[in-house]
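Undergrad: First the structure, which I've put down as structure tokens, then a few questions once you've had a look.
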Amino acid sequence: MRRRTVEPKSTADHEPETRDGGVQSVDRALSILETLAEDDEGYRLSDLAVRTGLSVSTVHRLLATLESRRFVQFDRAESKWHVGSRAFTVGASFARRRNFSTQAIPYLRKLRDLTRETANLAVVDDEFIIVLTRMESREIMRSLTQVGGRVAMVTSGVGKAVLATYSDEDVGAVIRHHGMPRLTEKSIVRPSDLFKELEKIRKQGFALDDEEACMGLRCIAAVVYNDCAEPLAAISVSGMTSRLTDQRLPEIGQIVRDVAAELTAALGGVIPTPR
């Protein structure tokens, strides 16, 4: 009788799983990358361990692997870790897949020049807003969300502009999934208030983030539609409240809405008829 040879299982077969069935080490490595992306100044090893809730030895081991693949890099002069070039290359494929970004550049430039404020292009991804690209204002500006950054839909102008195209049921689902965080004293934290705001947005054709994500900053946004009259993206202008005054809001809102309509037409999109 021949003895059957049983090959030993690799260590990968025993990789711990996360609650949702994912691979623990991959989940931890991605958590490190996401944390590094939050701050351009980088993180020291000990600070990164605190931020991710992992041990210093675990973070160091994962960083070594990520560094070997150029997903992170180490600044020896400051003893800080940063996002690496390979992470940028992989992340850039997301923007390339959204190939309308290049076509949107002239319209963002026009929006910036007409308003003298920073113009942004953003999309929805997994019920979050992601900033794809922007045209920086020549004025003094501090941006809350970096290019590639994610922000909750209910706390941003572009997010509310897109939410205004959703049904009440779909808006309710977003609220259940992600809540309504209070980021400032002006944040909308009650569903009833949000629904009133969305109805106002539908009537006027543009959305306003009135210091709801960051005190001192305002954002005015409008939706760009695809050929099925569905939201493809949103464009916005953002600036300090000292420049985006109450008196300027109607004028700038009209400009943002008009440029969004122009970009929609350029992309072959269709603006839906009002409800």
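Undergrad: Based on the alpha-carbon gyration tensor of the chain, what equivalent-ellipsoid semi-axes (square roots of 5 times the eigenvalues) come out, in whole Å, largest first?
TA: After diagonalising the Cα gyration tensor, the semi-axes are 40, 23, 19 Å.
Undergrad: Take the chain, connect every pair of alpha-carbon atoms lying under 10 Å apart with a spring to form a Gaussian network, then pick out the residue of D227, D209, D27 with the largest mean-square fluctuation.
TA: Top of the fluctuation ranking is D27.
Undergrad: What are the ³J(HN,Hα) values, in whole Hz, obtained from phi via the Karplus relation 6.51 cos²θ - 1.76 cosθ + 1.60 with θ = phi - 60°, for each residue of the range 228-235 in sequence order, with x given for Gly and Pro?
TA: Working through the residues one at a time gives 9, 6, 10, x, 9, 6, 8, 10 Hz.
Undergrad: Helix 56-68 against the longest principal axis of the chain: what's the angle in degrees, Cα atoms only, rounded to the nearest 10?
TA: 80 degrees
Undergrad: If each residue's Cβ is checked for other Cβ atoms within 10 Å, how do M153, M215 rank with the fewest at the top?
TA: Ordered by Cβ neighbours within 10 Å, fewest first: M215, M153.
Undergrad: Continuing with the same structure: Run the count for the chain, please: Lys pairs, Cα-Cα under 27 angstrom, 8 or more apart or on different chains.
TA: 10
Undergrad: Given the options A173, A161, A152, state which has the largest fluctuation in a GNM of the chain using a 10 Å cut-off (strictly under) for Cα springs.
TA: Looking only at A173, A161, A152, the largest GNM fluctuation is found for A173.
Undergrad: Taking 0.36 nm per residue of separation and subtracting the Cα-Cα distance, what length does fully extending K203 through D170 add?
TA: Additional length available on full extension: 10.0 nm.
Undergrad: Quote the relative contact order of the range 17-89 in percent (integer), defining contacts as alpha-carbon pairs under 8 Å separated by 6+ residues.
TA: The normalised contact order for the range 17-89 reaches 29 percent.
None of the figures in this text is laboratory data; all of them are computed from the coordinates on show. As the structure is a computational prediction, the values presented were derived from the model and not from experiment. Heads up, the Cβs are rebuilt from the backbone with ideal geometry, glycines too, and the neighbour counts pull from every protein chain shown.
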